[in-house]
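All remarks here apply to the structure that follows.
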Amino acid sequence: IDNGFDPADFIEQQPVVKSEKITITHVGAITKDRPVTAFLESLRTALGADKNIKDKTSVEFYGDSRSPTPEDVSRLSLTDITIFNGYGSHSDACAAMMSSSLLFMVLPDIKGADGIMPLRLFEYVYSNKPVFLISPKGEASRFLEETKSGVWVKNSNTDEITEKLSKLLNKIISGNYRHDPDLSI
């Protein structure tokens, strides 16, 4: 079992179709050292640039969402499309991952972060949904690229985060995104 990941956790999970909207999901704790501010700001820019994306998008957080995330959601006028679900069972988290259209993760841009390989990334990839990873270049970004499981952007590059997020969301909404990860790694 790599990094505590067990594929059996997903065997009996059935994705739940929530609506025609695409659901962008973050599973796990969000803390001051792991803020999602840049992602939310980029999402807001993408939504503002294309009404088609905003009308078809929802954002869900599962787990502890500490400051500044709730404040960022409010400041960026994303309250109407955002749900904070709080803590739930691991089974519920797996079902949420499998029911999402896009999963996102942010790793801190701190010394040593290039060696971080979170368990949640294994789960995200195994859920067979595209992953949007914001992190330093390192183990996690290499794993995402090797498995062809989504998009990676370096933490400090907000213009690139916005550009890649907009392109990915448009592809998902239009049905032009082909997700074909390599889970043999």
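The values are calculated or read from the model by the stated rules, or taken from the named source; none is laboratory data. These figures come from a predicted structure and were not determined experimentally. Methodologically, a virtual Cβ is constructed for each residue, glycine included, from the backbone with ideal geometry; neighbour enumeration extends over all protein chains shown. Accessible surface is based on the protein model in full, side chains and every heavy atom, while ligands, DNA and RNA are left aside. Shrake-Rupley method; radii C 1.70, N 1.55, O 1.52, S 1.80 Å.
Determine the pairs where a residue that is closer than 21 Å to D64 by Cα, located within the range 102-115, has a partner that is loosely packed, with under 12 Cβ neighbours inside 10 Å and not β-branched (V, I, T) with Cβ atoms under 6 Å apart, the partner being 6 or more residues away or on another chain.
Going by the 6 Å Cβ cut-off, the qualifying pairs are P108/D33.
Is it the case, given these coordinates, that S74 is of a type in the set (S, T, Y), open to solvent by less than 60 Å² (accessible area, probe 1.4 Å) and in a helix (DSSP H, G or I)?
no
Give the number of residues within the range 162-182 that are closer than 14 Å to V131 by Cβ and touching a Ser or Thr at 6+ places or on another chain (Cβ under 6 Å).
The number of residues fulfilling the criteria is 4.
Looking only at the range 59-70, decide whether some residue is touching a helix residue (DSSP H, G or I) at 6+ places or on another chain (Cβ under 8 Å), closer than 17 Å to T158 by Cβ and either modelled with pLDDT under 95 or among the basic types (K, R) (or both).
yes
Name, by its number, the condition in (1) closer than 28 Å to D182 by Cα; (2) in contact with a Leu (Cβ under 9 Å, 6 or more places away or on another chain); (3) at pLDDT below 95 that does not hold for K54.
Of (1) closer than 28 Å to D182 by Cα; (2) in contact with a Leu (Cβ under 9 Å, 6 or more places away or on another chain); (3) at pLDDT below 95, only one is false for K54: (1).
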